[in-house]
Structure formats: structure tokens, C-alpha cells
Amino acid sequence: MDEAFRALGDATRRDMLVALEGGPRTVSALAAPHAMSLAGASKHVAVLERAGLVQRQRQGRSHLISLNPAPLAAAHAWLSRYQRFWEARLDALEAALQDPPDSEQKDP
């Protein structure tokens, strides 16, 4: 999970994962929206590979990259603990805002 969070810490890599939601892409296709070299894109893909977030398949001279969402499930499970934490805090805030203290209530 540490490698997944490290990989997700970069906006370019997150964008690449979003692009891969639509299906496998070549490294060139992943590089194109970022105006980066093929070597730069390959380095980003290598980080994603180490994290297990993508898989590379060689087809001749091209490398086809596909999404492997399994490591994201572990990260999501861990983060969901904090979702429950913040939902409870926001629920408490909402309740406090709806019920003003007695000193602020006016008698009819």
C-alpha cells in the first residue's frame, strides 16, 4: 500500500490511471496529454508498475499498459476508516447547528 500511495502522490501518474480506465494504452498515448518525452512517461509507468497499479504487455516495439485496480482496493479500504471519522464529525456539526444552545433561543 505504501508504493500505491507514493505512486498516487504525483498528478501525472493519477492522470495516467484515469486514462487507463478507458482501456489499455501505449506509453506514447499516456505521454501525449502531458507534453513529455517517451522516456519521461516510461519512468512514470515504471513507478505505477512497482506499485502494482498497472501491467505492461509488450507487443512488438510497443508497450501496452493496462490498469490493475486491485491495489487501489486496499488503499480505499484504509481511507474509508477516515471517511467514517469525518462523516461522524460532520453529522455532529450539523446537529449542533440545527439545535442552538438554550441561551440563544428566544421566548415567544
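The set of residues from the range 57-78 being open to solvent by less than 70 Å² (accessible area, probe 1.4 Å) and either of a type in the set (A, V, I, L, M) or farther than 14 Å from L8 by Cβ (or both) comprises S62, H63, L64, I65, S66, L67, A70, L72, A73, A74, A75, A77.
Among all positions in the range 7-22, there is at least one residue which is of a type in the set (G, A, S), over 20 Å from Q59 (Cα atoms) and in contact (Cβ under 8 Å) with a residue 24 or more places away in the chain. Residues considered: A4, A41. Of these, the only one that is in contact (Cβ under 8 Å) with a residue 60 or more places away in the chain and crowded, with 16+ Cβ neighbours inside 10 Å is A4.
The values are calculated or read from the model by the stated rules, or taken from the named source; none is laboratory data. What you are looking at is a predicted structure, and each value in this text was computed from that prediction instead of being measured. Glycine also receives a Cβ, built like all others from the backbone with ideal geometry; neighbour counts cover every protein chain displayed. Heavy atoms of the whole protein, side chains included, go into the accessibility calculation; ligands, DNA and RNA do not. Shrake-Rupley method; radii C 1.70, N 1.55, O 1.52, S 1.80 Å.
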